[in-house]
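**Student:** Structure below; questions to follow.
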Amino acid sequence: MSRIFALATLVALSQAAAAADVDLTRAPPQVATQQVSAPSDLPAGTSVKLTNFRSAVVDGEVFGKLGMGWFCNGNPLRYGKNTTETLQRDLTRAFTERATALGLAVPTASGSAFDQASSETAEYRVGATLLEFNIQGCASGNEIEGGAYAKLKWEVYSTRHQKVIWTAQSEGSVAAKEKIQWVDFYKRLWLSAINNAFASPGFFDALRGNASAQAEAALPPISFTGAQAANGSVKDNGGKFLQAVVTVLSGPGTGSGFYVGQEGLILTNFHVVGDAKFVKIKLFDGRSLVGEVVRSDKARDVALVRTDPSASPALALRADEPGVGEEVYALGSPYGDVLSGTLTRGVLSSRRVLEGVSYLQSDAAVNPGNSGGPLVDASGRVLGLTVMGLKGAQGVNMFVPIGEALTRLNLVAKPAP
């Protein structure tokens, strides 16, 4: 289908012009495109992703004129849903290309199966609002000759700090004196606006400065006394290990968690506790406690909850990396408290890196409610936390490595006495 479908279909619309219609007696403005390069002191691996796009140009508003044929006869173009979809797709593609060329990491979705994980992998999520748009030209098939102008508002959102840390506006333009492909026409327009945004005062300072602020405001370490590894295997001590696993209730949802020391510290997933300050903890023996969420990392989907220090036994943590093929067990509360104390067996299938994020992969069965529960080796030592299963597949489940969970929450395990 022709690239102009989203525009040509609007030519026939007969809606009345809005007050903010562009002036078709003047060609689209042309602006200079700034040259930009990423600063050398930007932290390696800094990741950004354009995740949000909306338009302040309303449906029915005239945003340009597109002619066709030898005499370039045409009618005013009016904005509509198809226009937004076309512009968003091309802007996202151009943003990804330019950010990657500057050395920034841009997480990309690997299909709907991992949408839950990929949506939070970027350190900085970028939103763009289309404020003005003007396109005038002559089109033939997949080609266009003419010009275009766009003004956008940009916002950078820090996933870690859960707030917008930078906002600015930029302009972009393109002028094609000879017919070029529509895809190249839009690419030039958006790269012009994106370059000017990246060159705006404070963009890279926000990324660099926010990283510095993170370092300055680094979480103070929390120490805990690690549990001793049990004598025997999971088959011998399964009941004992399950006593360290809890059901976490936060709002309408439930998840799992487990004690990591005698100080009453529980590890679970961020998506289990969300923004709650306090959650309900249901122990293996049926007792209920109030847990305080003392620390969390949304990007890595881990959280730390504190309860009564003498509430329950703890699981030992494994320091070395497990080998593929090792026997492993997933413990938790699938589908909530009714099925708490569930243990399933499998093998460590692989160690994966998906969109720059490390996971352990196993076929040990997990279900909704297992999130935050431990994956342990044959001796009952924790290898990771359940985080997700592959949608539409069986036996493909992902776990956050325990070492990364401790690092992101700045937890320090002291040797067991």
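**Student:** Filter the range 305-320 for residues that are in a loop (DSSP other than H, G, I, E, B) and free of Cβ contacts under 8 Å to residues at least 60 places away in the same chain; which is nearest to R351 (Cα to Cα)?
**Tutor:** Step one: of the range 305-320, the residues in a loop (DSSP other than H, G, I, E, B) are 307-316, 318-320.
With free of Cβ contacts under 8 Å to residues at least 60 places away in the same chain added as a condition, the list becomes 307-311, 320.
Details: T307: 32, D308: 35, P309: 33, S310: 35, A311: 33, D320: 13 Å.
Among those that are in a loop (DSSP other than H, G, I, E, B) and free of Cβ contacts under 8 Å to residues at least 60 places away in the same chain, it is D320.
Yes or no, residue by residue, for (1) surrounded by 20 or more Cβ atoms within 10 Å (Cβ to Cβ); (2) of a type in the set (D, E):
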position	(1), (2)
V376	yes, no
G380	yes, no
T386	yes, no
F399	yes, no
E404	no, yes
A413	no, no
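**Student:** Can you work out which of the residues in the range 224-252 that are of a type in the set (V, I, T) and touching a helix residue (DSSP H, G or I) at 6+ places or on another chain (Cβ under 9 Å) is modelled with the lowest pLDDT? Break it down into steps so the answer makes sense when it comes.
**Tutor:** As a first pass, look at the range 224-252 and keep what is of a type in the set (V, I, T): 225, 234, 245-248.
Among the residues that remain, those that are also touching a helix residue (DSSP H, G or I) at 6+ places or on another chain (Cβ under 9 Å) are: 234, 247-248.
Values: V234: 87, T247: 93, V248: 94.
Among those residues, the one meeting the criterion is V234.
**Student:** When S379 is evaluated against the numbered criteria (1) closer than 27 Å to P221 by Cα; (2) part of a loop (DSSP other than H, G, I, E, B), which criterion, by number, is the only one it fails?
**Tutor:** It fails just one condition, (1).
**Student:** Which numbered condition trips up L265, out of (1) farther than 18 Å from A330 by Cα; (2) without any contact (Cβ under 8 Å) to a residue 60 or more places away in the chain; (3) of a type outside the set (D, E, K, R)?
**Tutor:** All conditions pass for L265, except number (2).
**Student:** Among residues belonging to the range 312-340 that are more than 30 Å from R352 (Cα to Cα) and in contact with a strand residue (DSSP E or B) (Cβ under 6 Å, 6 or more places away or on another chain), point out the one that is surrounded by the fewest Cβ atoms within 10 Å (Cβ to Cβ). Outline the logic, then answer.
**Tutor:** Within the range 312-340, the first condition is being more than 30 Å from R352 (Cα to Cα), and the residues that meet it are 312-313, 337-338.
This time we only want the ones that are in contact with a strand residue (DSSP E or B) (Cβ under 6 Å, 6 or more places away or on another chain), so: 312, 337.
Numbers: S312: 22, D337: 16.
Residue satisfying both the conditions and the ranking: D337.
**Student:** Let me ask something additional. Where residues in the range 268-304 are part of a loop (DSSP other than H, G, I, E, B) and in contact (Cβ under 8 Å) with a residue 60 or more places away in the chain, which of them is surrounded by the most Cβ atoms within 10 Å (Cβ to Cβ)?
**Tutor:** That would be N269.
**Student:** Return the only residue of L249, L265, L242 being touching a Phe, Trp or Tyr at 6+ places or on another chain (Cβ under 9 Å) and more than 19 Å from S379 (Cα to Cα). Working first, answer last.
**Tutor:** On the way: L249 fails: touching a Phe, Trp or Tyr at 6+ places or on another chain (Cβ under 9 Å); L242 fails: more than 19 Å from S379 (Cα to Cα).
Testing whether each residue is touching a Phe, Trp or Tyr at 6+ places or on another chain (Cβ under 9 Å) and more than 19 Å from S379 (Cα to Cα) leaves just L265.
**Student:** Considering the range 253-262 alone, what residues qualify as being modelled with pLDDT under 90 and under 23 Å from S379 (Cβ atoms)?
**Tutor:** Scanning the range 253-262 gives G261, Q262.
**Student:** Just the residues that are surrounded by 17 or more Cβ atoms within 10 Å (Cβ to Cβ), within 28 Å of L152 (Cα to Cα), modelled with pLDDT under 85 and out of contact with any Pro (no Cβ under 8 Å at 6 or more places or on another chain), please, taken from the range 106-118.
**Tutor:** P107, the sole residue that qualifies.
**Student:** Could we say that L360 is within 26 Å of A299 (Cβ to Cβ), surrounded by 24 or more Cβ atoms within 10 Å (Cβ to Cβ) and either in contact with a Leu (Cβ under 8 Å, 6 or more places away or on another chain) or of a type in the set (D, E, K, R) (or both) here? Let's see the steps before the verdict.
**Tutor:** Details: within 26 Å of A299 (Cβ to Cβ): yes; surrounded by 24 or more Cβ atoms within 10 Å (Cβ to Cβ): yes; either in contact with a Leu (Cβ under 8 Å, 6 or more places away or on another chain) or of a type in the set (D, E, K, R) (or both): yes.
Yes, satisfied.
**Student:** Which of (1) crowded, with 17+ Cβ neighbours inside 10 Å; (2) farther than 16 Å from N269 by Cβ; (3) basic (K, R) does R408 not meet, given it meets every other one?
**Tutor:** R408 satisfies all of (1) crowded, with 17+ Cβ neighbours inside 10 Å; (2) farther than 16 Å from N269 by Cβ; (3) basic (K, R) except (2).
**Student:** Checking the conditions here, which among D320, D337, D285, D363 is among the charged types (D, E, K, R) and closer than 20 Å to A405 by Cβ?
**Tutor:** Matching residue, one of D320, D337, D285, D363: D320.
**Student:** Looking at (1) modelled with pLDDT under 90; (2) farther than 16 Å from I144 by Cα, which one does K49 not meet, given that it meets all the others?
**Tutor:** (1)
**Student:** Could you please let me know if G103 is over 23 Å from E155 (Cβ atoms) and under 33 Å from the mean Cα position of the chain (by Cα)?
**Tutor:** The answer is no for G103.
**Student:** Kindly check whether there is at least one residue in the range 256-267 that is aromatic (F, W, Y), under 30 Å from L104 (Cα atoms) and surrounded by 18 or more Cβ atoms within 10 Å (Cβ to Cβ).
**Tutor:** Initially, the range 256-267 is screened for residues aromatic (F, W, Y), giving 258-259.
If we keep only those that are under 30 Å from L104 (Cα atoms) too, we end up with none.
Checked the range 256-267: no residue is aromatic (F, W, Y), under 30 Å from L104 (Cα atoms) and surrounded by 18 or more Cβ atoms within 10 Å (Cβ to Cβ).
The values are calculated or read from the model by the stated rules, or taken from the named source; none is laboratory data. Remember, it's a predicted structure, so these values are computed and weren't measured experimentally. Note: ideal-geometry Cβ built from the backbone for every residue, glycine included; neighbour counts use all protein chains shown.
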